[in-house]
Amino acid sequence: MAKLKIEGGIPLKGEIRVAGNKNAALPIIAATVLTDEECIIENVPEIRDVRSMLAILKDLGKKVENLSPNIYRISGSLQHSSLRADLTGSLRASILFMSGLLARTGEIDMAPPGGCVIGRRNVESHFEVIRAFGAQLEFYADGYRATLSNRTPASIFLKESSVTATENAMLLAAATPGLSVVENAAGEPHVTDLSNVLSKMGATIEGSGTNRIFITGNAKLQGFTHRVVSDHIEAGTFAIAAACTRGDLVIHNADREYLKMTEYYLRQMNVSLEFSDEHTLRVMPSQLISKAKKIQVGLWPGFPTDLMSPMIVLATQAEGTTLCHDWMYESRMFFVDKLIIMGADITQCDPHRVLVAGPTRLRGQELSSPDIRAGIALVIAALTAKGTSIIDRIEIVDRGYEEIEKRFELLGARVRRFD
């Protein structure tokens with residue numbers, strides 16, 4: 001297991017560039033199974049989840065070439081439609097191959113997807129999607145098999161506004177001739193980015209970014225060249241890290257269009273920030289005061305659940321009391337015991353709510369990363385704390401953040417990776 005040793009208490013200073021959006025890159029990689037033609041994807045984050053998705057592509061028979069840092073070429077035809085359990089078990093996004101493989105081969109065998117354990121993240125909504133297009137499902141002790149012999153356009157109302165279920169519906173609809181409609185669809189930037197790719201491939205899509213998407217599919221889809229959108233979650237993460245350490249940080253590729261609610265809550269925490277243009281954010285040393293009183297996640301364009309863990313760390317450094325509420329995942333808050341060990345004044349009200357009183361001086365500790373977002377929150381807490389911290393299982397953080405210790409080192413932090 002990899003670990004980070006962090007000497008805390010040093011303000012982050014300098015400039016940093018936001019990587020490509022992980023949650024956009026993964027479904028775009030899955031979309032390449034819809035064609036045998038060459039697909040070139042730029043601005044791909046070099047993270048573990050991307051490597052896992054590319055490993056699945058290779059196992060399916062596709063040719064994957066790393067043309068240069070962050071640029072991949074994918075080509076060739078599928079050799080089979082069975083997903084290996086050891087590969088699907090490494091990340092939840094493996095479920096995104098379901099629709100593409102059904103569209104191309106008419107069948108798929110796979111084990112349940114893996115990923116972070118932050119609550120009940122079942123795949124029933126994905127089954128409902130493929131059933132709507134005519135798929136038949138069989139269940140086994142160690143996985144399931146789906147077949148689709150005569151796919152037809154579908155009108156789907158998602159029982160929950162799931163990002164990955166929306167993406168699976170779009171992938172299958174794009175390869176199905178005729179008009180399909182997805183209602184109660186997710187509208188996150190990564191869903192829109194997938195929509196842009198599918199349009200380049202030959203589908204006609206209207207309503208992307210809204211809760212009703214219209215997709216006119218095409219039986220034969222073509223290759224594409226596409227640059228993955230910047231990661232608004234990473235931009236928010238670095239902004240919070242700078243604010244917690246009282247740093248002065250310029251963040252490039254921070255698309256203001258996708259940071260409106262994050263910007264709102266940062267200002268509610270009295271973070272001093274400014275956009276010099278629509279893609280460049282500066283966070284300056286701030287006297288943190290919680291004027292928000294309550295921070296609650298929401299469906300897009302609400303505050304993203306993936307930033308709740310780092311925001312809790314920010315609340316520990318702000319004067320006043322803040323109620324943090326994540327109604328989406330019942331295990332999101334279970335990492336706060338680690339912050340309490342570091343000296344935070346946090347009361348867990350229930351699985352979805354914590355009450356944070358600040359400011360508190362955090363102390364360095366030896367801790368273990370439970371999931372991607374809690375892991376990066378602990379890294380931020382360690383950067384903020386007095387003394388030395390050891391963060392174990394940092395490879396979990398590597399699933400979502402590219403070379404995190406090297407990038408923080410460039411900002412003046414004292415961070416060292418070791419085994």
In region 390-412, residues that are among the small types (Gly, Ala, Ser) and crowded, with 24+ Cβ neighbours inside 10 Å total 1
Restricting attention to region 397-419, which residues are closer than 19 Å to ILE233 by Cβ, in contact with a strand residue (DSSP E or B) (Cβ under 9 Å, 6 or more places away or on another chain) and of a type outside the set (D, E, K, R)? VAL397, ILE404, PHE408, LEU411
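With ALA154, ALA141 as the choices, which residue is small (Gly, Ala, Ser), in contact with a Gly (Cβ under 9 Å, 6 or more places away or on another chain) and on the phi < 0 side of the Ramachandran plot? Show your work before the answer.
Values: ALA141 fails: in contact with a Gly (Cβ under 9 Å, 6 or more places away or on another chain).
Just a single option satisfies the conditions, and that option is ALA154.
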Of the conditions (1) within 23 Å of the chain's Cα centre (by Cα); (2) modelled with pLDDT under 95, SER82 satisfies every one except a single condition; which number is it? (1)
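Scan region 389-400 and give yes if some residue there is of a type outside the set (A, V, I, L, M, F, W, C) and farther than 30 Å from LEU54 by Cβ, otherwise no. Explain how you work it out, then say what you get.
So in region 389-400, the residues of a type outside the set (A, V, I, L, M, F, W, C) come out as 389, 392-393, 395, 398-400.
Subsequent filtering for residues that are farther than 30 Å from LEU54 by Cβ retains 389.
Taking every residue of region 389-400 in turn, at least one turns out to be of a type outside the set (A, V, I, L, M, F, W, C) and farther than 30 Å from LEU54 by Cβ.
Could you list, in sequence order, all residues of region 179-190 that are without any contact (Cβ under 8 Å) to a residue 60 or more places away in the chain and either within 24 Å of the chain's Cα centre (by Cα) or buried (at least 22 other Cβ atoms within 10 Å of the Cβ) (or both)?
Of the residues in region 179-190, the ones without any contact (Cβ under 8 Å) to a residue 60 or more places away in the chain are 179-185.
Residues satisfying the conditions are SER180, VAL182, GLU183, ASN184, ALA185.
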Checking THR305, THR321 in turn, the sole residue that is surrounded by fewer than 18 Cβ atoms within 10 Å (Cβ to Cβ) and either modelled with pLDDT of 95 or more or under 24 Å from the mean Cα position of the chain (by Cα) (or both) turns out to be THR321
Please indicate, with yes or no, whether at least one residue in region 275-287 is surrounded by fewer than 16 Cβ atoms within 10 Å (Cβ to Cβ), farther than 22 Å from TYR329 by Cβ and among the aliphatic types (A, V, I, L, M). yes
Taking interchain pairs and intrachain pairs at least six residues apart, which have beta carbon atoms under 6 angstrom, with the first residue in region 59-88 and within 27 Å of ALA19 (Cα to Cα) and the second at pLDDT 95 or above and assigned to a helix (DSSP H, G or I)? VAL64/LEU54; VAL64/LEU57; VAL64/LYS58; ILE74/THR32; LEU87/ALA55; LEU87/ILE56
For region 84-95, does any single residue satisfy the condition of being over 23 Å from ILE394 (Cβ atoms) and touching a Lys or Arg at 6+ places or on another chain (Cβ under 8 Å)? no
For region 376-403, enumerate the residues that are among the β-branched types (Val, Ile, Thr), more than 25 Å from ALA24 (Cα to Cα) and either part of a helix (DSSP H, G or I) or not assigned by TED's automatic domain parsing to the domain that holds THR360 (or both). THR384
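So that you can scan it fast, the table gives a plain yes or no per residue for (1) modelled with pLDDT of 95 or more; (2) more than 29 Å from ARG92 (Cβ to Cβ):
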| residue | (1), (2) |
| --- | --- |
| SER331 | no, no |
| LEU339 | yes, no |
| THR347 | yes, yes |
| VAL415 | yes, no |
So if I check each of VAL354, VAL379, VAL313, which one is crowded, with 18+ Cβ neighbours inside 10 Å, more than 18 Å from ILE289 (Cα to Cα) and of a type in the set (A, V, I, L, M)? VAL379
Residue pairs qualifying under the 7 Å Cβ cut-off, at least six apart or on distinct chains, with the first in region 225-246 being in contact (Cβ under 8 Å) with a residue 60 or more places away in the chain and on the phi > 0 side of the Ramachandran plot and the second being of a type outside the set (Ser, Thr, Tyr) and surrounded by fewer than 24 Cβ atoms within 10 Å (Cβ to Cβ), are ARG246/PRO11; ARG246/PRO285
Would you mind stating whether GLU278 is over 21 Å from GLY358 (Cβ atoms), in contact with a strand residue (DSSP E or B) (Cβ under 7 Å, 6 or more places away or on another chain) and free of Cβ contacts under 8 Å to residues at least 24 places away in the same chain? no
What is the number of the single condition among (1) at pLDDT 95 or above; (2) within 21 Å of the chain's Cα centre (by Cα); (3) of a type in the set (D, E, K, R); (4) part of a loop (DSSP other than H, G, I, E, B) that LYS406 does not meet? (4)
Under 8 Å between Cβ atoms, at least 6 apart or on separate chains: pull out the pairs that start in region 202-213 with a residue that is closer than 12 Å to ALA186 by Cβ and assigned by TED's automatic domain parsing to the domain that holds SER162 and end on any residue that is surrounded by 15 or more Cβ atoms within 10 Å (Cβ to Cβ) and at pLDDT below 95. ASN211/SER161
Determine whether GLY187 is assigned by TED's automatic domain parsing to the domain that holds VAL33, modelled with pLDDT under 95 and within 30 Å of THR262 (Cα to Cα). no
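Looking only at region 148-178, which residues are among the charged types (D, E, K, R) and either surrounded by fewer than 17 Cβ atoms within 10 Å (Cβ to Cβ) or within 25 Å of PHE303 (Cα to Cα) (or both)? Explain how you work it out, then say what you get.
The first filter runs over region 148-178 and keeps only residues among the charged types (D, E, K, R), leaving 151, 159-160, 167.
LYS159, GLU160, GLU167, listed by residue number.
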With ARG332, ARG373 as the choices, which residue is closer than 27 Å to ILE10 by Cα, crowded, with 16+ Cβ neighbours inside 10 Å and touching a residue at least 12 places away in the same chain (Cβ under 8 Å)? ARG373
Could you check LYS62 against (1) buried (at least 20 other Cβ atoms within 10 Å of the Cβ); (2) of a type in the set (Lys, Arg); (3) out of contact with any strand residue (DSSP E or B) (no Cβ under 7 Å at 6 or more places or on another chain) and say which number it fails? (3)
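The values are calculated or read from the model by the stated rules, or taken from the named source; none is laboratory data. Please read all numbers here as calculations on a predicted model, not as lab measurements. Virtual Cβ from ideal backbone geometry, glycine too; neighbours counted across all protein chains shown.
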